[in-house]
1. How would the stretch A:9-84 be classified by its alpha-carbon gyration tensor: rounded, prolate or oblate, with rounded meaning a/c under 1.5 and the a/b versus b/c comparison settling the rest?
2. Considering only A:I184, A:I24, A:I161, give the residue with the highest GNM mean-square fluctuation for chain A, with springs between Cα atoms whenever their separation is below 10 Å.
3. When the Karplus curve 6.51 cos²θ - 1.76 cosθ + 1.60 is applied with θ = phi - 60°, which whole-Hz ³J(HN,Hα) does each residue of the stretch A:115-127 get, with x for Gly and Pro?
4. Which shape class applies to the stretch A:5-50: rounded if a/c is under 1.5, otherwise prolate when a/b exceeds b/c and oblate if not, where a ≥ b ≥ c are the square roots of the Cα gyration tensor eigenvalues?
5. When we measure straight from the Cα of B:K177, which lysines land under 30 angstrom away, once same-chain ones fewer than 8 places off are left out?
6. Averaged over B:49-61, how many beta carbons belonging to a partner chain fall within 10 Å of each residue's beta carbon?
7. Pairing the Cα long axis of helix A:32-49 with the longest principal axis of chain A, what angle in degrees results, from 0 to 90 and rounded to the nearest 10?
8. Given a cut-off of under 8 Å on Cα pairs at least six residues apart, what relative contact order in percent is computed for chain A?
Amino acid sequence: MHPTDERLEAFCDGSLGKSGKTVIETHLVQCGRCRGEVEEWRSLFTVLSALPVFAPAAGFADRVMAHVRVPEPWYARASQVFGRFLPRTTLGWAMAVALLAVPVLAVGTLAFWLLSRSYLTGYRLWVFATDQFAAGANQVASGAFSRVLSTDVSVWLVRSITSFMESSGLRGLGAVAAVLACVILVSIWVLYKNLFRHPNRGSSYVSFTF
Amino acid sequence: MDYRQLSDQDVVERARRGREGAYRELIRRYERPVFSLIYRLVRDRERAEDLSQETFIKVLNAIDRYDPSFKFSSWIFKIAHNTALDDLRRKHPETLSIHGSPHASTADELEATTLTPVSDDESPEDFTSSREIGGHIEEAIGTLRAEYRTAILLCHVEGRPYEEVAQIMDVPLGTVKTYIHRARNELKKQLAHLRC
């Protein structure tokens with residue numbers, strides 16, 4: 001019995017299983033008609049796989065790229081932003097360098113004078129500076145906090161929260177916290193989309209599903 | 001930077017970071033396969049150029065929406081196939097001839113509509129002979145339904161597996177197998193006279 005045309009085709013394109021392949025091979029040894037069929041399939045496959053490739057006219061890539069919006073890398077965007085503040089003329093550069101040199105020279109001279117004193121070491125200076133900074137920051141923060149807490153709005157807010165907690169319990173507070181968290185997340189997303197993410201282009205261009 | 005050594009996914013990644021060279025590399029890799037597929041579908045060089053250009057513009061402008069878990073080639077062929085089919089639905093296809101459009105009235109038009117394969121190392125004799133066989137097979141392919149044509153070209157010319165062809169054409173695997181089987185049978189019948 002002869003194998004079907006589909007099986008011979010599958011034999012030629014290699015999609016037949018190992019056992020099926022062996023059956024066909026055995027059959028082909030004794031059947032000239034099926035050998036002829038197989039030859040026909042094989043020659044068709046050869047012709048198809050030898051089909052030439054066509055090339056578009058020269059300059060195709062340039063024509064495509066003329067319509068493609070390449071997103072700018074972050075460093076290009078950053079350099080654009082900072083570029084606005086850079087001087088454009090030699091005189092401008094000279095002025096900028098002179099302006100920058102004044103505080104650098106002042107701080108440098110002061111540091112040199114301080115470090116040249118025998119009783120002052122770099123370590124002592126560092127400890128003194130960090131202590132002063134920490135004390136200052138602490139004073140500013142606590143002052144600001146107490147000022148904020150003593151305003152009418154803060155007093156009203158604390159009273160409202162307390163009465164809300166008394167009336168609705170922890171669940172109500174949790175719900176408020178969840179709403180606030182959502183609002184914060186949305187705000188972060190809006191900020192990110194507007195400040196950092198490059199704009200989405202041509203959203204109506206492609207619709208595809210895999 | 002030499003993009004030729006990189007995989008499609010890596011080139012796409014660099015394109016997303018805004019490297020123009022990566023965009024050009026993707027065009028270099030796919031301009032011929034995409035153009036060949038569209039050319040054989042619409043059978044008009046000028047339209048094929050426009051549609052190929054449209055395909056690349058769609059793909060490259062939407063590169064940040066490409067899902068890297070799928071093959072880039074599947075994505076671009078899918079868009080090329082859809083673009084060509086949309087165009088075929090809008091316009092009537094012309095008859096393909098390897099010797100140029102039958103509607104060409106001047107030598108320049110005839111030249112412009114002649115199928116010119118990219119031939120790297122063929123002698124003039126080989127080219128003439130293969131051009132004759134190629135003419136018959138191109139004409140036979142031209143008579144197939146557009147879906148059969150896409151399936152057979154992706155499978156045999158591009159060497160894509162059935163699964164990928166199904167993904168590109170957005171049809172079940174069984175349908176692709178049917179398309180390819182029917183297309184092969186039609187081609188076999190049409191080319192039978194060449195074997196005599």
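Any read-out appearing in this document is the output of simple, stated calculations on the displayed coordinates, not a laboratory observation. Note that the structure is a prediction, hence the values are computed from the model and not measured. All Cβ positions, even for glycine, are placed from backbone atoms using ideal geometry, and neighbour counts span all protein chains on display.
1. Cα axes put the stretch A:9-84 in the oblate bin.
2. Maximum fluctuation in the GNM of chain A, among the listed residues, is at A:I24.
3. Calculated HN-Hα couplings, in order: 6, 7, 6, 5, 7, 10, 10, x, 5, 4, 4, 4, 4 Hz.
4. Oblate, because a/c is 1.5 or more while a/b does not exceed b/c.
5. List returned: A:K18, A:K21, B:K58, B:K71, B:K78, B:K91, B:K188, B:K189.
6. For peptide B:49-61, the averaged partner shielding equals 5.
7. Taking Cα atoms only, the helix is inclined about 30 degrees.
8. 11 percent
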